[in-house]
Amino acid sequence: KELEARSYTVRNQFSARDISNAVWGFGKLTLSIGTPLMTSFERKIVEQISRFSASHITNLLWGLAKLNYAPKTETMEAFTHTIKSQIGSFSGQGLSSILWAMARIHGKSKPSSDFIESLCNRVVQNVESLNSVEITNILWSLPRLEYRPKDSVLATLEQQAMVQIWDFNAQNVATTLSAFAKLTYPPKTELMRGLEQHAYTEIDLFDPQAVANLFWAFAKLGYKPGIDLVMAMESSIQRQISNFNSQGIANTLWALGKLSHKPSVDVSKALLSRSKQLVNDFSPQGIANTLHGMTKLQMHPDKSLLTSFEKRVMQNISIFSPQSVAISLTAFRKLNHALSRRTLDAIQRRATALAPNTRAMERSTILSSLEKMGITPLKELIGAYEAATNRAVTKLGAEDVLELLWAFARLGHKPSSGLLSAMEEAIAMHVDAIGREDLTGVWWALARIKAEPSIGLLRILEEKTLCETFNLTDKEKKDILWALKRLGIDELGDLENRLVSSTTLKGV
């Protein structure tokens, strides 16, 4: 405090180098700095920004990040302008520190994509100087900055990671894989195997967050690790379960389900027990991922745990996303947990409010789950979904249109004539992308809701069905014949005769 007070007293005497060293020192010692001194420093930074060298800026940003201090927009703009003008002076280490720092403090002023791209291009030029920590920090920062670089940049970092592979520690292995997963960039098998082997040798050094991140990254990248590492990770989970937080539990269960790896009975019990202890800490996404993992792993959580999760849903329903609503509702159904009427109404009201921003597949999932639960959806929800579908139907793919048509059909709900016409047009436009099973489903759905399809759509479906006749199973032919009869269509006699003559079923 005395140092800070004296710094404020002589604040006007600080040079660019002095400010850089002072902030770096406070950050290194994890000491906080009061607002008056920081405001003074920021004013001087903006005034004297041209006097700051590459190393000054690097140390200054690093110190601010360690202090968790977010500079004003004006200060950040001064930083980015000067960094761009001096970009050729920054080393690989400096670039790593800048990206890491900006990822931590970008809350108030997010750097532009062009600026981050210029840093990434300079990283590529200096990549051979990067060590394992610097590679990890760069990769970690990019998703945090909501920036996805070109594949060529990630490939260059991947190659350098392979060179430095045996210098990675446990935390860096987990962070690197997690970053690649968030950037939707699956590294080559060579690096994946190298990181997997390294993780196995370092597994005892992985903390709970690193273990959860490792499982999550493997699952997100679609990479199934060897059984030796998985068993070692299971042992680590069991050993450290009391230190797992709710996000770690959620990510672990989701990843195990995604990898189709059912943990041992003891590990399953430990995860369920820890879930119960932390139930009031779970976020909406955490609830959805946890419940989804339980269903995929065919776990059998007791009623009290599921009831606690239901209460947590009610506490946070106002911040649930469309995806979290769809996943949670489906999981409760698959786990045979009967939701209360109050919870079901709250979920449907939230789904109604989210309808304009809900993807077609999520709308279909929510409606389908309600139907399978024996619940008649609220009229407001159906109306909101109809309106949202009508607005976006021309932009939907074949799968989305069919999923929504089937969802309405399973509920026995006939959409408005305007929406039906729009869906008919979408089906006709995407008919070449409709497979054999989906084709049968279209006929079934149209018949189920007693639609009155246009003769144009009927001819298109007839032609598609005739082409698929000898690929259809007898059951599928029978379903289409049922649909033709229910629709009362006389114009498609040739199709009906072809289906009857090619089937081996009796009494069709």
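The values are calculated or read from the model by the stated rules, or taken from the named source; none is laboratory data. Just so it is clear, the model here is predicted, and its values are computed rather than measured. Glycine also receives a Cβ, built like all others from the backbone with ideal geometry; neighbour counts cover every protein chain displayed. Each accessible area value is taken on the protein alone, full model and side chains, heavy atoms only, with ligands, DNA and RNA left out. Shrake-Rupley method; radii C 1.70, N 1.55, O 1.52, S 1.80 Å.
At-a-glance table
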read-out: Accessible carbon and sulfur surface of segment 24-142 relative to its total accessible area, %, 1.4 Å; value: 47 percent
read-out: Local electrostatic count at residue 349 - Lys and Arg +1, Asp and Glu -1, tallied over other residues with Cβ under 13 Å; value: +2
read-out: Cα-centre dipole for segment 301-371 with unit charges at Cβ (Lys and Arg positive, Asp and Glu negative), debye to 20; value: 100 debye
read-out: Cβ-based net charge around residue 66, under 10 Å, with every Lys or Arg adding one and every Asp or Glu removing one; value: +2
read-out: Isotropic mean projected area of the C-alpha convex hull, segment 341-423 (nm²); value: 4.8 nm²
read-out: Selection from 413, 360, 426 lying farthest towards where the dipole of segment 353-444 points positive, charges on Cβ; value: 413
read-out: Among 328-339, 92-103, 188-199, the order from most to least packed when residues are scored by Cβ within 10 Å on average; value: 92-103, 328-339, 188-199
read-out: At most 11 other Cβ within 10 Å, DSSP loop - GluC sites (Glu not before Pro), segment 402-495; value: 491
read-out: Around residue 182: net Lys/Arg minus Asp/Glu count, Cβ-Cβ under 12 Å; value: +2
read-out: Rg over Rh, two decimals, segment 381-494 (C-alpha only, Kirkwood Rh); value: 0.94
read-out: Compactness relative to 2.2 N^0.38 Å, alpha carbon Rg of segment 273-407; value: 1.04
read-out: Cα gyration tensor, segment 429-505 - rounded (a/c under 1.5), prolate or oblate; value: rounded
read-out: J(HN,Hα) series, segment 334-342, from Karplus relation 6.51 cos²θ - 1.76 cosθ + 1.60, nearest Hz, glycine and proline x; value: 5, 8, 6, 9, 7, 6, 5, 4, 4
read-out: Pairwise Cα inverse-distance average, inverted: Kirkwood Rh of segment 271-311 (Å); value: 10.2 Å
read-out: Under 15 Å from the Cα of residue 477 - aspartates and glutamates, other chains or at least 8 residues apart; value: 437, 438, 462, 463, 468, 494, 496
read-out: C-alpha long axis of helix 170-182 to longest principal axis of the chain, angle in °; value: 50 degrees
read-out: Percent accessible area from carbon and sulfur atoms, segment 407-485, protein chains only, probe 1.4 Å; value: 51 percent
read-out: Accessible area (Å², per residue) of the chain, counting only protein heavy atoms and a probe of 1.4 Å; value: 47 Å²
read-out: Protein accessible area in segment 308-371, 1.4 Å probe - carbon and sulfur %; value: 48 percent
read-out: Charge dipole magnitude, Cβ of K and R +1, D and E -1 - the chain, Cα centre, debye nearest 20; value: 1480 debye
read-out: Extension gain, residue 433 back to residue 46 (0.36 nm per residue minus Cα-Cα distance, nm); value: 133.5 nm
read-out: Signed unit charges on C-beta, dipole axis of the chain, positive-most listed residue 316, 336, 401; value: 316
read-out: Segment 176-251, Cα convex hull volume normalised per residue, Å³; value: 79 Å³
read-out: At q = 0.13 Å⁻¹, base-10 log of I(q)/I(0) for the chain (Debye sum, equal scatterers on each alpha carbon); value: -1.21
read-out: Given 28/110; 66/269; 150/269; 66/182; 220/334; 182/475, the pairs whose alpha carbons are separated by over 32 Å; value: 66/269; 150/269; 182/475
read-out: Percent of C-alpha pairs per 5 Å bin, segment 64-117, short to long; value: 4, 19, 32, 29, 14, 2
read-out: Relative contact order (percent, whole number), segment 454-508, Cα cutoff 8 Å, 6+ residue spacing; value: 46 percent
read-out: Hull volume in cubic angstrom per residue (convex hull over the Cα atoms of segment 114-155); value: 65 Å³
read-out: Principal axis dimensions, largest first and in whole angstrom, of segment 40-185 by Cα; value: 44, 27, 25
read-out: Mean separation of Cα contacts under 8 Å (6+ apart) over length of segment 331-396, as relative contact order %; value: 39 percent
read-out: For the chain, with +1 on Lys and Arg beta carbons and -1 on Asp and Glu, the positive-most of 389, 160, 493 along the dipole; value: 389
read-out: Geometric extent, Cα atoms of segment 134-265 - Rg, Dmax (angstrom); value: 14.0, 44
read-out: Cα centre as origin, Lys/Arg/Asp/Glu Cβ charges: segment 157-276 dipole, Debye; value: 580 debye
read-out: 0 to 90° range, to nearest 10: angle between helix 493-502 axis and the chain longest Cα axis; value: 90 degrees
read-out: Cα-only radius of gyration and Dmax that characterise segment 1-117, units Å; value: 13.3, 42
read-out: Calculated [θ] (222 nm, deg cm²/dmol) that DSSP helices of n ≥ 4 give over the chain, each run adding -39,500 (n - 2.57); value: -22000 deg cm²/dmol
read-out: Principal-axis tilt of helix 474-487 within the chain, Cα atoms, nearest 10 degrees; value: 70 degrees
